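So the structure is just underneath, and the comments pick up after that.
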Amino acid sequence: MHNFSTLFILFILSLSLRGESLTDSSSNYSIENYDESIKNISALISKNDFPQAINRLEAMDKHYPKNVEIIELLASLQYWSHNYPKATFYYQTLYDMTHNRSYLVKMDEVSNTSLNDQFAAKKNFVLLKGEAYSYGANHNSEQDFTLQAGIHALGMTWIGSTASIHRYALTDRQNGLEIYSDLGDKSSKRWGFLSVYQSSNPYFLPTLDYSAGIYQGVFHDTELGLVYRHMIFQNTSVDIYKPSIALPLPWNNGMRLTEDLYWVPSSHSYASVSTLAYDQIEHLHLYYALTLGNGYEVTGVDPLLHTRTFSQTIGGDWRFSPSWSVGSSLTDGRRTNLYRRSGGEIFLKYFW
């Protein structure tokens, strides 16, 4: 990839030119004029004044046609200015002049960077998700439908959602809002979120469900987190605490392990969730999650029915273009003395 040191080296190479003709027969520019111009352009670049540096280089290009150093500088500056068509044009020109295949590699880099910038620029989204689960014999199945939208505004990410959840032969509806933000400057590696979900006259969902969390990056891309969640039901309420740690696996680049512990002090319940994620392939995210614990089942009859929990989930999502991604997951879980829950989800996401 290009970097500023590359540009600086190119300037040093240009400044080292002495005693050779760099002009065509019609040019009246001397070597001294050329070197002085390069020095001035170098000063502009050191001040991050790329537009003025490009203007002067383009003027020099007319007086010094087919000068490799000048065209290389133009290609690099257009690249750093995110003018990828112009950068590609100059690298193509260099390849046509020299037949040096390294310029073809540079063109591929420009193309990839341009595509990645298109992905990064589209941060707002709309998501449509459907879920279906079976609870085995003598139990009603579950079907969920969710519509979600997210926007970036005021330096934060705002995600609103509405969902219809059909469970126990009953249907509840839920609306929610989540807010994500960096806490401090980028170097602090700290971020947090707030969320609130509300259901009117629900059968099994909480009437109010809100959470707050904070995450802190530490050494070697490791991240620590702590989340507090409070759920208010019609006849009771529940407090849940979730400490977590996420760390990359040292022997395989692109794999990351996250450990979450859900703890409910009032009922002495817990659930441990281990998630192994794979992100080595660009724009593709795969994961496997294993849940073990002494959990609880929230029902309209007994809000805290204790049961041992075992669950496995495998899933992923693929952003196949800057504007679209798809994802799905499959889940198989057991809650002793209650049921076996199997099923999955599928979603489609549009970015703009």
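The values are calculated or read from the model by the stated rules, or taken from the named source; none is laboratory data. Bear in mind that the values here come from a model prediction, so they are computed numbers and not experimental data. So basically every Cβ, Gly included, is an ideal-geometry build from the backbone, and we count neighbours across all protein chains shown. Accessible surface areas use protein heavy atoms only, side chains included; no ligands, DNA or RNA. Shrake-Rupley method; radii C 1.70, N 1.55, O 1.52, S 1.80 Å.
Could you identify the single residue in I41, I9 that is under 30 Å from A120 (Cβ atoms), open to solvent by 60 Å² or more (accessible area, probe 1.4 Å) and at pLDDT below 90?
Details: I41 fails: open to solvent by 60 Å² or more (accessible area, probe 1.4 Å).
Selected residue: I9, the only one of I41, I9 that is under 30 Å from A120 (Cβ atoms), open to solvent by 60 Å² or more (accessible area, probe 1.4 Å) and at pLDDT below 90.
Go through the range 151-183 residue by residue and tally those that are in contact with a strand residue (DSSP E or B) (Cβ under 6 Å, 6 or more places away or on another chain) and either farther than 28 Å from R341 by Cβ or modelled with pLDDT under 95 (or both).
Pass one, the range 151-183, residues in contact with a strand residue (DSSP E or B) (Cβ under 6 Å, 6 or more places away or on another chain): 151, 156-167, 172-183.
If we keep only those that are either farther than 28 Å from R341 by Cβ or modelled with pLDDT under 95 (or both) as well, we get 151, 156-158, 167, 179-183.
Total satisfying the criteria: 10.
Do we have S211 as part of a strand (DSSP E or B) and farther than 30 Å from R340 by Cα here?
No; evaluated as a whole, the condition is false for this residue.
I need the full set of residues from the range 316-348 which are of a type in the set (A, V, I, L, M), at pLDDT 95 or above and either assigned to a loop (DSSP other than H, G, I, E, B) or more than 30 Å from Q118 (Cα to Cα) (or both), in order please. Walk me through it before giving the result.
Our first condition is that a residue be of a type in the set (A, V, I, L, M); within the range 316-348, this holds for 326, 330, 338, 346, 348.
Of the ones still in play, those that are also at pLDDT 95 or above are 326, 330, 346, 348.
The answer is L330, and nothing else.
Test V68 against the stated conditions and say whether it is over 22 Å from L348 (Cβ atoms) and open to solvent by 60 Å² or more (accessible area, probe 1.4 Å). Give the steps one after another, and end with the answer.
Details: over 22 Å from L348 (Cβ atoms): yes; open to solvent by 60 Å² or more (accessible area, probe 1.4 Å): no.
When the stated conditions are applied, V68 does not pass them.
Which condition number does L77 fail, the rest of (1) at pLDDT below 50; (2) within 26 Å of D108 (Cβ to Cβ) being met?
All conditions are met except number (1).
Determine whether the range 299-307 contains at least one residue that is in a strand (DSSP E or B), at pLDDT 90 or above and not basic (K, R). Outline the logic, then answer.
Taking the range 299-307 and keeping what is in a strand (DSSP E or B), we get 305-307.
Adding the requirement that they be at pLDDT 90 or above leaves none.
No, because not a single residue in the range 299-307 is in a strand (DSSP E or B), at pLDDT 90 or above and not basic (K, R).
Buried (at least 16 other Cβ atoms within 10 Å of the Cβ), farther than 19 Å from D260 by Cα, at pLDDT 95 or above and touching a Pro at 6+ places or on another chain (Cβ under 9 Å), is that true of F351?
Values: buried (at least 16 other Cβ atoms within 10 Å of the Cβ): yes; farther than 19 Å from D260 by Cα: yes; at pLDDT 95 or above: yes; touching a Pro at 6+ places or on another chain (Cβ under 9 Å): yes.
Against the criterion (buried (at least 16 other Cβ atoms within 10 Å of the Cβ), farther than 19 Å from D260 by Cα, at pLDDT 95 or above and touching a Pro at 6+ places or on another chain (Cβ under 9 Å)), F351 qualifies.
Right, Y241: in a strand (DSSP E or B), farther than 24 Å from G155 by Cβ and open to solvent by 30 Å² or more (accessible area, probe 1.4 Å) or not?
Details: in a strand (DSSP E or B): yes; farther than 24 Å from G155 by Cβ: yes; open to solvent by 30 Å² or more (accessible area, probe 1.4 Å): yes.
Yes: the conditions hold for Y241.
So D96 passes all but one of these: (1) at pLDDT 90 or above; (2) exposed (fewer than 13 other Cβ atoms within 10 Å of the Cβ); (3) within 22 Å of W324 (Cβ to Cβ). Which condition number does it fail?
(3)
Is there a residue being surrounded by 13 or more Cβ atoms within 10 Å (Cβ to Cβ), touching a helix residue (DSSP H, G or I) at 6+ places or on another chain (Cβ under 7 Å) and at pLDDT 90 or above anywhere in the range 15-22?
no
Across the range 217-238, what is the total count of residues that are in a strand (DSSP E or B) and open to solvent by less than 50 Å² (accessible area, probe 1.4 Å)?
Summing the residues that are in a strand (DSSP E or B) and open to solvent by less than 50 Å² (accessible area, probe 1.4 Å) in the range 217-238 gives 7.
Tell me which residues, restricted to the range 122-138, are assigned to a loop (DSSP other than H, G, I, E, B) and open to solvent by 30 Å² or more (accessible area, probe 1.4 Å). Don't jump to the end; show me each part of the working.
Initially, the range 122-138 is screened for residues assigned to a loop (DSSP other than H, G, I, E, B), giving 122-124, 135-138.
Matches in the range 122-138: K122, K123, N124, G136, A137, N138.
Within the range 118-130, is even one residue modelled with pLDDT of 90 or more, more than 16 Å from the chain's Cα centre (by Cα) and not small (G, A, S)?
yes
One line per residue, one yes/no per condition, for (1) within 30 Å of E282 (Cα to Cα); (2) of a type outside the set (A, V, I, L, M, F, W, C):
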position	(1), (2)
S200	no, yes
F204	no, no
S211	no, yes
Y241	no, yes
P248	yes, yes
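Under the condition of being modelled with pLDDT under 90 and of a type in the set (G, A, S), which residue from the range 263-292 is most open to solvent (accessible area, probe 1.4 Å)?
Filtering the range 263-292 for residues that are modelled with pLDDT under 90 and of a type in the set (G, A, S), the one most open to solvent (accessible area, probe 1.4 Å) comes out as S266.
Since D209 meets every condition but one in (1) more than 17 Å from Q148 (Cβ to Cβ); (2) open to solvent by less than 30 Å² (accessible area, probe 1.4 Å); (3) of a type outside the set (G, A, S), which condition does it not meet?
Answer for D209: the failing condition is (1).
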